[in-house]
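Scroll down for the structure; my scribbles are underneath it.
The values are calculated or read from the model by the stated rules, or taken from the named source; none is laboratory data. Predicted model only: the values in this text are computed from it and were never measured. Reconstructed Cβ throughout: ideal geometry from the backbone, glycine too, with neighbour counts over all protein chains shown. For the accessible areas, the whole protein counts, side chains as well, though only heavy atoms, and no ligand, DNA or RNA atoms are used. Shrake-Rupley method; radii C 1.70, N 1.55, O 1.52, S 1.80 Å.
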Amino acid sequence: MTQSNTLTVQILDKEYCIACPSDERSNLESAARYLDGKMREIRSSGKVIGADRVAVMAALNITHDLLHKQQHLDQQAGANRDQVRSLLNRVDSALARDADEQGS
């Protein structure tokens, strides 16, 4: 891989050289900053010792947040579908009443 397809990021004061398409550099930089922030937060709490454990706890926290948000989005999508279905039923009812009134 050429040098232009790699990105160096710093996480907990360590550098990591990561293969990355040029159009994804910004996203990867943001992800690395986010991870670094989470890991520093966990490390500074003093409850977790060791970079590997800090990384696992950060991964668990981030995964928990992601799954929680996905569940919320799924619930919201279901509520939106129900609302659209209800609105369509109301439109169908109104159109049927209108057709009945014009037919009478």
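Contact annotation: residue pairs with Cβ atoms under 6 Å, 6 or more positions apart or on different chains, pairing a residue in the range 6-21 that is under 20 Å from Ala58 (Cβ atoms) with a partner that is of a type in the set (Asp, Glu) and open to solvent by less than 70 Å² (accessible area, probe 1.4 Å), are Ile11/Asp36.
Consider the range 1-53 and keep the residues that are among the β-branched types (Val, Ile, Thr) and within 24 Å of Asp65 (Cβ to Cβ). The one that is most open to solvent (accessible area, probe 1.4 Å) is Ile49.
Being touching a residue at least 12 places away in the same chain (Cβ under 8 Å), assigned to a helix (DSSP H, G or I), open to solvent by less than 100 Å² (accessible area, probe 1.4 Å) and within 25 Å of Leu7 (Cα to Cα), is that true of even one residue in the range 63-71? Within the range 63-71, none of the residues are touching a residue at least 12 places away in the same chain (Cβ under 8 Å), assigned to a helix (DSSP H, G or I), open to solvent by less than 100 Å² (accessible area, probe 1.4 Å) and within 25 Å of Leu7 (Cα to Cα). Against the condition out of contact with any Lys or Arg (no Cβ under 6 Å at 6 or more places or on another chain) and modelled with pLDDT of 95 or more, how does Lys47 come out, does it pass? Here the answer is no, as Lys47 does not meet what is asked.
Can you go through Ser26, Ser44 and tell me which one is under 28 Å from Asn5 (Cβ atoms) and not aliphatic (A, V, I, L, M)? Criteria check complete, one pass: Ser26. Take the conditions (1) at pLDDT below 95; (2) under 30 Å from Leu12 (Cβ atoms); (3) charged (D, E, K, R); Asp92 misses just one of them, which is (2).
Residues in the range 26-54 that are among the small types (Gly, Ala, Ser) and either touching a residue at least 40 places away in the same chain (Cβ under 8 Å) or part of a loop (DSSP other than H, G, I, E, B) (or both): Gly46, Gly50.
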